[in-house]
Amino acid sequence: IPMQKPKLFHIALLLITMAVLHFIANATGLYEQRIIWIDKVLHIMAGIAIAMLWFWFLQRKEKLSEDIPRIIFASSIIGFVLLVAFFWEVAEFAFWKGLPEYANNLNLYSPTIFDVLSDIGSNLVGAIIFSVISSRKNENV
C-alpha cells in the first residue's frame, strides 16, 4: 500500500495530547460525570495513535509489499490495536489491584467488565477510523 508513512512526531504529539487531556479531565472532574464521555474520546484517540504506530512500523520494513490487499492491511491494523488494547486493560487491572490508591487518583482503572469492553470497543473505533481514512487517502493518490 503506497501511502505516506505517518511521522513519529505526529504519533508522539497525539499521545502527548491524550495525556494532557487525561490530566485536564482528571483535574476538572470529567471522570466524575454520570456519563464519562471523555474516556471514550481518549480511547478512540489511542486507537488512532496505535494504528498509526503499526502503520509506521509496517512501512519501515523493506520487504513490505506495496500490493497488499486493503482488507489484509486493515485487518492487521485492527488486530494490532485490539491486542494492545487488551494488554492495556490487563495492565490497568493489575495497577488497580496492586496500587489501588494511585490507580484511583489517576483514574487509570476499569472497574467493570462493561468498562473494559467499551474501552476496547472505543480503541477499535479509532483503528477503523484510521483504516478508512488511510484507505481513502490512498484512493486519491
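The values are calculated or read from the model by the stated rules, or taken from the named source; none is laboratory data. What you see is a predicted model, and the numbers here were worked out from it, not measured in a lab. So basically every Cβ, Gly included, is an ideal-geometry build from the backbone, and we count neighbours across all protein chains shown. Only protein heavy atoms, including side chains, enter the accessible area calculation; ligands, DNA and RNA are left aside. Shrake-Rupley method; radii C 1.70, N 1.55, O 1.52, S 1.80 Å.
Here are the numbers for the structure shown:
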{"quantity": "Sole exception among (1) over 14 Å from Asp39 (Cα atoms); (2) more than 19 Å from the chain's Cα centre (by Cα) for Pro111, by number", "calculated": "(1)"}
{"quantity": "Pick from region 66-100, criterion of a type in the set (A, V, I, L, M, F, W, C) and in a loop (DSSP other than H, G, I, E, B), ranking: nearest to His43 (Cα to Cα)", "calculated": "Leu99"}
{"quantity": "Residue pairs meeting the criteria (Cβ under 9 Å; at least 6 apart or on separate chains; first under 11 Å from Phe23 (Cβ atoms) and touching a residue at least 40 places away in the same chain (Cβ under 8 Å), in region 98-109; second of a type in the set (Phe, Trp, Tyr) and open to solvent by less than 70 Å² (accessible area, probe 1.4 Å))", "calculated": "Leu106/Phe95; Asn107/Tyr31"}
{"quantity": "Criterion: over 26 Å from Ile16 (Cβ atoms) and either acidic (Asp, Glu) or at pLDDT below 95 (or both) - qualifying residue of Ile72, Ile38", "calculated": "Ile72"}
{"quantity": "Meets criteria (exposed (fewer than 12 other Cβ atoms within 10 Å of the Cβ), part of a helix (DSSP H, G or I) and either modelled with pLDDT of 90 or more or more than 14 Å from the chain's Cα centre (by Cα) (or both)) for Ile44", "calculated": "no"}
{"quantity": "Per-region count, region 101-115, residues buried (at least 18 other Cβ atoms within 10 Å of the Cβ) and in a helix (DSSP H, G or I)", "calculated": "1"}
